[in-house]
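Data first, discussion second: the structure below is written as structure tokens.
What follows is calculated from the coordinates using simple rules that are stated; it is not laboratory data. Everything quoted here is computed from the prediction, not taken from an experiment. Using ideal geometry, Cβ is built from the backbone for each residue, glycine included, and neighbour counts are taken over all protein chains shown.
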Amino acid sequence: MIPAVCRWYEVSGGWGLTAERRVVLDVTATTFADSSMLNTMLLLLRAGRLVLAGPMPTKLGRLLDITQARELFPTADTVDAARTL
């Protein structure tokens with residue numbers, strides 16, 4: 001389950017069969033990250049593209065480094081910047 005302090009935005013990827021669903025996850029206020037959060041992030045990734053927005057919280061960054069999952073999730077400084085990735 002994604003902690004309540006995270007906000008996510010669904011961004012349209014375009015039209016037609018090649019459209020890709022994109023979800024922007026604002027992680028700015030994330031204070032705790034564990035395997036449940038990573039599992040939810042991986043499920044969202046399976047549904048399309050997941051982009052993390054905001055400065056990477058220390059605990060989330062450590063979780064992604066330990067599990068070697070950091071390269072799976074593109075990041076951007078802001079939600080607006082993430083919407084364009």
When every residue in region 24-38 that is of a type in the set (Gly, Ala, Ser) and under 17 Å from residue 75 (Cα atoms) is compared, the one surrounded by the most Cβ atoms within 10 Å (Cβ to Cβ) is 33
Checked region 48-77 for anything in a helix (DSSP H, G or I) and surrounded by 12 or more Cβ atoms within 10 Å (Cβ to Cβ); matches are 59, 60, 61, 62, 63, 64, 70, 72
Contact list, first residue from region 34-51 and under 11 Å from residue 22 (Cβ atoms) and without any contact (Cβ under 8 Å) to a residue 60 or more places away in the chain, second anywhere and aliphatic (A, V, I, L, M) and in a helix (DSSP H, G or I), beta-carbon distance below 7 Å, six or more apart or interchain, is 45/72; 50/41; 50/44; 51/82
